[in-house]
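Read through the structure below, which is laid out as structure tokens, and then see the notes.
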Number of protein chains: 2
Amino acid sequence: MDIEQFRKAGYQAIDRICDYYYTLQDKSVVSSVKPGYLRDSLPVEAPEAGEDFQKIADDYQKFIIPGLTHWQHPSFFAFFPTGCTFEGMLADLYASSTMNPGFNWACSPACTELEAVMMDWAAKLLGLSPEFLNTSGIGGGSMQSTASDSALIAVVAARSLYQRRHPSVTQSSLVIYTTTQTHSLGLKAGLILGLSVRALEVTWEDKFSLRGETLRKALEGDEREGKKPFILLATVGTTSSGAIDNVSEIGAVTKDYPDLWVHVDAAWAGVALSCPEYRETLHLNAINEHAHSFCTNFHKWGLTNFDASTLWVRDRKYLTDALDVTPPFLRSAEGDAGTVIDYRNWHLALGRRFRSLKLWFVLRSFGAEGFRDYIRRTINLNNIFASLVSASSVLSLMTAPSLALSVFRLDPKSASLNSTKALSPETLNDLNRIYYARISARKDILLTQTVLNGAVCIRFAVGAARTEEVHIRKAYQLLSEEGKLALEEWTKAGQNGNV
Amino acid sequence: MDIEQFRKAGYQAIDRICDYYYTLQDKSVVSSVKPGYLRDSLPVEAPEAGEDFQKIADDYQKFIIPGLTHWQHPSFFAFFPTGCTFEGMLADLYASSTMNPGFNWACSPACTELEAVMMDWAAKLLGLSPEFLNTSGIGGGSMQSTASDSALIAVVAARSLYQRRHPSVTQSSLVIYTTTQTHSLGLKAGLILGLSVRALEVTWEDKFSLRGETLRKALEGDEREGKKPFILLATVGTTSSGAIDNVSEIGAVTKDYPDLWVHVDAAWAGVALSCPEYRETLHLNAINEHAHSFCTNFHKWGLTNFDASTLWVRDRKYLTDALDVTPPFLRSAEGDAGTVIDYRNWHLALGRRFRSLKLWFVLRSFGAEGFRDYIRRTINLNNIFASLVSASSVLSLMTAPSLALSVFRLDPKSASLNSTKALSPETLNDLNRIYYARISARKDILLTQTVLNGAVCIRFAVGAARTEEVHIRKAYQLLSEEGKLALEEWTKAGQNGNV
């Protein structure tokens with residue numbers, strides 16, 4: 001493809017993306033394709049001769065678009081949102097056009113420099129302590145691919161620090177602390193590193209938040225048994241229910257356990273720290289005081305295209321002491337002089353994409369004000385949904401709404417059944433499995449399920465940039481109707497003997 | 001930014017990328033910016049109000065472009081090339097426009113399906129055994145971010161397999177084998193996982209290739225000492241000199257050591273397997289017979305924009321047994337039924353970018369033929385360079401050229417000096433440090449240094465898609481002149497007493 005062919009294909013791509021967004025809300029959220037659909041449509045190997053790009057671009061429309069789940073659809077309420085803005089797309093395009101692996105300062109100074117500045121912009125937007133800024137010269141931030149990577153890096157750095165302090169401790173006695181509500185990234189870090197993971201219990205009464213006393217008891221118990229807990233993966237905004245670990249209480253405990261690294265994973269909720277009114281709820285002061293590392297994903301609820309996981313550490317040496325490898329072919333005058341950041345020593349791999357460009361475009365185009373407006377608007381939309389559920393005769397909130405996330409279930413109040421007897425937990429779970437199966441069979445809306453201390457629940461996460469109040473109300477209506485139909489289905493199946 | 005504003009900004013981005021490529025060869029390869037240049041130019045925090053996108057796009061041209069090292073410049077001969085094609089850019093744009101984290105089949109079927117098919121296309125292009133195809137149902141391939149990630153995954157899978165077979169073995173006795181020429185990814189995997197790394201010696205006489213006997217002796221010695229080598233990171237095409245470990249001999253040894261996982265890292269050279277004439281040199285048959293896992297980076301010498309590291313395993317269960325974590329919110333009907341691949345269990349993180357689209361666009365637009373033409377053309381260009389160096393009175397090749405990589409140094413033949421005495425190794429190193437300092441001070445060309453068994457050398461890697469013979473000849477001329485100037489500088493400094 002020569003330059004003029006690229007111009008033509010590029011204009012067309014832009015036009016087709018415009019068409020996609022003009023028609024997005026008329027599409028189904030969920031694809032109807034069956035497993036194997038694409039393999040059946042494509043040749044078994046690459047063509048021998050090059051093909052005309054027009055054919056390739058048309059095949060993208062024909063074969064790929066119908067196989068996508070439309071995460072930007074206004075009726076997408078599953079998982080958490082994935083950022084996707086025009087600003088992010090343009091940044092990805094520009095970054096891709098001058099591709100380089102950005103592993104040290106010299107190999108493309110702009111990439112390192114912009115990342116260092118953007119991490120400071122982001123830290124200030126969220127109200128992080130100046131200790132986390134790159135300008136501090138001690139702490140600092142870098143952009144990772146995902147919150148899993150960020151947590152893995154934190155665990156590696158924490159293990160390295162712990163082992164330097166306690167050289168005689170073997171890996172087999174090390175323990176990673178999570179809670180029963182921590183994202184699977186905790187367990188996966190343990191699997192990858194071959195380390196034990198202990199999930200601390202959290203309770204419904206505490207809104208699934210890790211309390212200081214639980215942590216203290218665990219530490220005391222493990223100490224007695226010779227175990228060495230060296231990191232706690234605390235969560236501010238869990239995936240299942242948006243629960244917020246009590247970082248303030250955790251911090252009070254870790255004063256007595258200075259070897260315990262506190263990583264705060266706020267992958268989803270962290271961007272809400274941009275709004276001062278949520279900082280207390282999200283324990284910002286305690287994060288600033290106690291966290292060794294803090295992560296949030298701008299590529300979730302932060303308007304930035306995947307991948308843009310921002311990770312800050314209180315001391316950059318934690319990372320470089322754990323990860324620095326400098327063979328001759330990676331040495332540079334600037335790196336040797338220590339005057340620049342070589343981000344390759346701040347993450348797992350060597351090469352890295354030019355991710356900060358997306359954040360620059362997004363933060364400038366929206367402005368801090370526009371960014372906060374978006375966060376507040378989505379929280380408000382979720383509050384509307386939560387109010388509707390609260391007033392429902394068949395649906396119940398399972399926890400108080402957390403920011404832009406609600407967890408609810410089908411839970412018919414007595415009036416809707418010919419009985420005043422409460423349903424047993426097992427029956428309610430059976431009923432909700434039927435309910436979720438009905439919802440997930442639909443193509444015009446998408447939600448995901450979860451299990452909270454044994455209770456089958458459904459998550460409703462707001463955040464797609466095009467979601468408006470009308471979509472929330474439509475979703476509620478649809479979910480109510482499906483609830484009633486699920487009850488009918490369940491009643492017909494004769495399974496109401498438990499009532 | 002609304003849809004029509006995006007159309008305008010998108011057209012402009014396309015036009016500006018066209019301008020970039022029309023003018024690329026008139027630019028310096030290397031940026032002239034100084035550390036901190038960007039921080040001095042940007043505000044200390046995000047603007048409060050959103051800014052006009054035109055200003056942002058203009059600032060990209062003003063602040064970012066001048067701070068880039070131009071990896072696509074025809075006179076870029078450093079490191080290894082990074083793929084950057086118009087096809088790749090368009091794929092990145094399309095993928096970014098419907099952003100989703102693609103972690104399992106259901107969350108966007110097209111992403112998983114295309115990746116599964118593209119990995120098979122790529123495997124066939126390279127001549128990999130059918131055992132590595134996704135259609136085998138046993139082996140399979142997935143796209144990772146970098147060769148470091150791929151190697152780390154291989155080590156984790158190998159460790160997990162070894163520990164399942166030998167549950168009583170502790171992590172502290174496990175050893176990762178590399179060679180002294182292995183990329184830093186080997187040492188970094190050890191750092192990350194807290195495992196020992198043993199770098200086996202390779203010699204100049206063997207062209208820095210790991211031989212079977214070296215491996216056998218190491219295994220025997222470690223066995224006697226109770227160490228447990230569980231993986232060998234073999235390299236086909238090392239970074240320093242393009243050395244190729246003797247996978248055939250390695251395979252013969254591992255028949256006696258079935259617990260040793262063989263990972264073949266062909267990050268750079270692997271794409272040359274597309275050309276049948278290189279398959280013997282690159283030990284394709286032995287890879288197909290003996291490798292547990294194989295990696296090459298299409299984002300290096302394979303015309304595909306970063307990131308596109310292709311990793312194949314002979315048995316996908318090696319990965320899923322090591323990495324599968326399935327919390328309730330990630331369960332899906334298709335995943336539970338086992339009818340689809342859930343790629344999240346084939347890599348370290350959860351979310352993943354839609355990387356396969358780039359490979360689809362590239363392989364179709366170039367065709368297998370066009371892909372091979374490009375590989376052959378770059379090898380040919382390197383051969384031209386190597387011939388020129390061979391005939392030089394001041395430069396010498398340090399190893400036979402390996403595919404598109406030459407390693408050389410300043411090594412004045414007696415005729416050019418007023419002496420017939422050979423220079424000592426230390427003197428030659430001093431001289432080459434002066435030489436490389438001169439080269440790296442230039443902005444119109446970029447090469448990187450390395451050290452081969454103590455000898456300071458310079459690498460010349462061909463691969464930027466716009467490099468033509470004229471750039472090779474110009475580079476040779478420049479390098480010869482700098483060589484003569486370095487000799488003069490060294491002579492003037494009175495350091496020729498050693499001659």
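The table for this structure:
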| item | result |
| --- | --- |
| Residue selected from the stretch B:371-388 under the condition surrounded by 18 or more Cβ atoms within 10 Å (Cβ to Cβ) and not aliphatic (A, V, I, L, M), by the criterion farthest from residue B:302 (Cα to Cα) | B:385 |
| Selected residue (criterion: surrounded by the fewest Cβ atoms within 10 Å (Cβ to Cβ)) from residues of the stretch B:84-103 that are more than 7 Å from chain A (Cβ to nearest Cβ) and not aromatic (Phe, Trp, Tyr) | B:85 |
| Within the stretch A:122-178, considering residues that are in a loop (DSSP other than H, G, I, E, B) and within 20 Å of the chain's Cα centre (by Cα), the one nearest to residue A:349 (Cα to Cα) | A:145 |
| Failed item in (1) more than 7 Å from every other protein chain (Cβ to nearest Cβ); (2) buried (at least 24 other Cβ atoms within 10 Å of the Cβ); (3) closer than 27 Å to residue B:325 by Cβ, with residue B:122 passing the rest | (3) |
| Restricting the stretch B:10-59 to residues that are open to solvent by 50 Å² or more (accessible area, probe 1.4 Å) and among the aliphatic types (A, V, I, L, M), the residue that is farthest from the other protein chains (Cβ to nearest Cβ) | B:44 |
| Set A:445, A:434, A:458: member being open to solvent by 10 Å² or more (accessible area, probe 1.4 Å), touching a helix residue (DSSP H, G or I) at 6+ places or on another chain (Cβ under 8 Å) and modelled with pLDDT of 95 or more | A:434 |
| Number of the exception - residue B:363 against (1) buried (at least 19 other Cβ atoms within 10 Å of the Cβ); (2) not in a helix (DSSP H, G or I) | (2) |
| Subset tally (residues that are outside any loop (DSSP other than H, G, I, E, B) and under 26 Å from the mean Cα position of the chain (by Cα)) for the stretch A:179-230 | 20 |
| Qualifying residue in the stretch B:389-397 (condition: touching a Lys or Arg at 6+ places or on another chain (Cβ under 6 Å) and open to solvent by 30 Å² or more (accessible area, probe 1.4 Å)) | yes |
| Checklist (1) touching a helix residue (DSSP H, G or I) at 6+ places or on another chain (Cβ under 9 Å); (2) of a type in the set (A, V, I, L, M, F, W, C); (3) surrounded by 24 or more Cβ atoms within 10 Å (Cβ to Cβ) applied to residue A:71, failing item | (1) |
| Those residues of the stretch B:134-151 which are within 12 Å of chain A (Cβ to nearest Cβ) and buried (at least 24 other Cβ atoms within 10 Å of the Cβ), in sequence order | B:144, B:145, B:146, B:147, B:148, B:149, B:150, B:151 |
| Unique residue being more than 8 Å from every other protein chain (Cβ to nearest Cβ) and modelled with pLDDT of 95 or more when the list is A:337, A:286 | A:286 |
| Condition broken by residue B:322, with the remaining ones in (1) farther than 21 Å from residue B:185 by Cβ; (2) over 24 Å from the mean Cα position of the chain (by Cα); (3) not aromatic (Phe, Trp, Tyr) satisfied | (1) |
| Residue count for the stretch A:158-180, restricted to those that are more than 10 Å from chain B (Cβ to nearest Cβ) and either of a type in the set (Val, Ile, Thr) or touching a residue at least 60 places away in the same chain (Cβ under 8 Å) (or both) | 13 |
| Matching option when the condition is within 11 Å of chain B (Cβ to nearest Cβ) and closer than 21 Å to residue A:309 by Cβ, among A:116, A:106 | A:116 |
| Any chance residue B:130 is open to solvent by 20 Å² or more (accessible area, probe 1.4 Å) and closer than 27 Å to residue B:104 by Cβ | yes |
| Residue count for the stretch B:66-78, restricted to those that are at the interface with chain A (Cβ under 7 Å from one of its Cβ atoms) and farther than 22 Å from residue B:473 by Cβ | 3 |
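The values are calculated or read from the model by the stated rules, or taken from the named source; none is laboratory data. Quantities reported herein were computed from a predicted structural model and do not represent experimental measurements. Don't worry about glycine lacking a Cβ; one is built from the backbone with ideal geometry, like all the others, and counts go over all protein chains shown. SASA here: full protein model, heavy atoms, side chains in, ligands and nucleic acids out. Shrake-Rupley method; radii C 1.70, N 1.55, O 1.52, S 1.80 Å.
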